[in-house]
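Notes follow once the structure below has been shown.
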Amino acid sequence: MNSANRFDIITIFPDYLAPLKLSLIGKAEAAGIIEIGIHDLREQTSDLHGSVDDTPYGGGAGMVMSPEPWGKAIDSVIELAPDELHELIVLTPAGEKLTQEMASELTKSRHLIFACGRYEGIDIRVSDFYASEKNFKVREISIGDYVLGGGEVATLVIMEAIIRLLPGVIGNPASLDEESHTLKSTRGALVEYPSYTKPQEWRGLSVPNVLLSGNHGEIAKWRMQQALIRTKKLAD
Ligand code: SAM
């Protein structure tokens, strides 16, 4: 069994995923912590035009992505991690909303397959079929209550949220403990306290004295208060 977490992305716009070569994710791949495959859905079509969509049954505007190329594309990426449980992530604004907790859960998945929809989305039978397959889990995920043109940007968002949590990706893993949505009080998850760096005075604005005091107990107390204030403001 390979030790790297594997991510396969199926899309009609492979170039959209170019940012995966940059920054933390690019470095994680170069270090062998993750493996990434980007697959062009049109390679699974047999007609001259590489058609991946058709008109919706029942009528209505727009086109729906056909199940056949999706089935072929997903079957072909299964072969790339044959011993793993495969988790198929279908990007859709109709899915469960991405949270930090979900990203953390997804770090445990050894093989994630991202299905990037376009047009009016993917024929639902693709999700239904793989949900009933052995060694498969299907999750429909949305990155928020708005509609994008395709699932590629959503894939980048979800992958970045997962990959930065994997061991060895972030230089100082302690920085993950105090972040927004991970930081906890007895009242639940909080957003992070405000941060300051040098200079001590900038455009007439000073760093709060407590942060200069060297008193770690007082600093922790102040940060927790600020996190609570910010979290409450968002909830109001
Ligand atoms: N007709 C769909 C609906 O109303 O739910 C919207 C389709 S959208 C134009 C095309 C594709 O973009 C979707 O299939 C999905 O892959 C992706 N997408 C759009 N908004 C998204 C979101 N908020 N989260 C995740 N994926 C999204």
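The values are calculated or read from the model by the stated rules, or taken from the named source; none is laboratory data. Worth saying up front: this structure is predicted, and the values here are computed from it rather than measured. FYI the Cβ positions are ideal-geometry reconstructions off the backbone, even for glycines, and counts take in every protein chain you see. SASA here: full protein model, heavy atoms, side chains in, ligands and nucleic acids out. Shrake-Rupley method; radii C 1.70, N 1.55, O 1.52, S 1.80 Å.
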Verdict on G150 being of a type outside the set (A, V, I, L, M, F, W, C), within 16 Å of the ligand (Cβ to nearest atom) and crowded, with 19+ Cβ neighbours inside 10 Å: no
Pair list, Cβ under 9 Å, 6 or more apart: the range 167-193 residue on the phi > 0 side of the Ramachandran plot, other residue of a type in the set (S, T, N, Q): H181/T99; H181/Q100; G188/T231
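Yes/no per residue for (1) part of a loop (DSSP other than H, G, I, E, B); (2) among the hydroxyl-bearing types (S, T, Y):
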| position | (1), (2) |
| --- | --- |
| L166 | yes, no |
| E178 | yes, no |
| G214 | yes, no |
| K221 | no, no |
| M224 | no, no |
| T231 | no, yes |
Residue within the range 50-71 that is within 15 Å of the ligand (Cβ to nearest atom) and either polar (S, T, N, Q) or touching a Cys at 6+ places or on another chain (Cβ under 9 Å) (or both) present: yes
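Of all residues in the range 46-82, which are at positive phi and open to solvent by 40 Å² or more (accessible area, probe 1.4 Å)?
Selection gives G58, G59, G60.
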Test set (1) near the ligand (Cβ under 10 Å from one of its atoms); (2) closer than 17 Å to R6 by Cα; (3) of a type in the set (K, R) - R164 fails condition number: (1)
Out of A227, A189, A220, sole residue that is farther than 22 Å from T11 by Cα, surrounded by fewer than 14 Cβ atoms within 10 Å (Cβ to Cβ) and not charged (D, E, K, R): A220
In the range 104-120, the residues that are open to solvent by less than 20 Å² (accessible area, probe 1.4 Å) and within 13 Å of the ligand (Cβ to nearest atom): F114, A115, C116, G117
Answer residue from the range 121-130, given it is touching a residue at least 12 places away in the same chain (Cβ under 8 Å) and open to solvent by 40 Å² or more (accessible area, probe 1.4 Å) and is nearest to the ligand (Cβ to nearest atom) among those: R125
Sole exception among (1) farther than 30 Å from K72 by Cα; (2) open to solvent by less than 60 Å² (accessible area, probe 1.4 Å); (3) in contact (Cβ under 8 Å) with a residue 24 or more places away in the chain for M159, by number: (1)
Residue in the range 170-180 that is modelled with pLDDT under 95, more than 30 Å from I74 (Cβ to Cβ), more than 16 Å from the ligand (Cβ to nearest atom) and in contact with a Pro (Cβ under 9 Å, 6 or more places away or on another chain) present: yes
